[in-house]
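Everything below concerns the one structure shown next.
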């Protein structure tokens, strides 16, 4: 997005700040919005069935998280915590619906979200393939 588009996007959300280690969203909570990382670095974690926390990814300035909750109603799929002092733009569901009525903002935002999801899906596919290959070596 251009600087002008980013500035316009700001009217659809609220800028919030988080200190290092501060929790932003928790796995299992109801999904209620999308976050754009304006400055800083955050970490996404999932707690697996045995209670162990697994680091999924680090999201830096220019990144985003929480889009799954906007695109598919439900609960948060991960916990996200600030790794550094972070400034985020929080866009709730209602504001996101309004934003979609502004094509000059909606098109680049949705394209960016789609690209990001495609990259993450490719990464996940590669990880599953690697694990599946390891399974075959365990079976021999």
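Values quoted throughout were computed directly from the atomic coordinates according to the rules given, and no laboratory measurement underlies them. Predicted, not measured: the structure shown is a model, and the values here were computed from it.
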Degrees between helix 103-139 axis and first principal axis of the chain (Cα, 0 to 90, nearest 10): 10
Give me the extension gain from residue 2 to residue 14: residue separation times 0.36 nm, minus the current Cα-Cα distance, reported in nm with one decimal. 2.4 nm
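Could you give the length gained by full extension between residue 126 and residue 21, i.e. 0.36 nm per residue of separation minus their alpha carbon distance, to one decimal place?
Gain on stretching residue 126 to residue 21: 34.8 nm.
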Calculate for the chain the 222 nm mean residue ellipticity that helices alone would give, adding -39,500 (n - 2.57) per DSSP H run of length 4 or more and normalising by residue count, nearest 500 deg cm²/dmol. -13000 deg cm²/dmol
Based on the alpha-carbon gyration tensor of segment 19-86, what equivalent-ellipsoid semi-axes (square roots of 5 times the eigenvalues) come out, in whole Å, largest first? 18, 16, 9
How large is the Rg to Rh ratio of segment 24-140 when both quantities use alpha carbon positions and Rh follows Kirkwood? 1.03
Remind me, relative contact order of the chain in percent, using alpha carbon pairs under 8 angstrom and six or more residues apart? 32
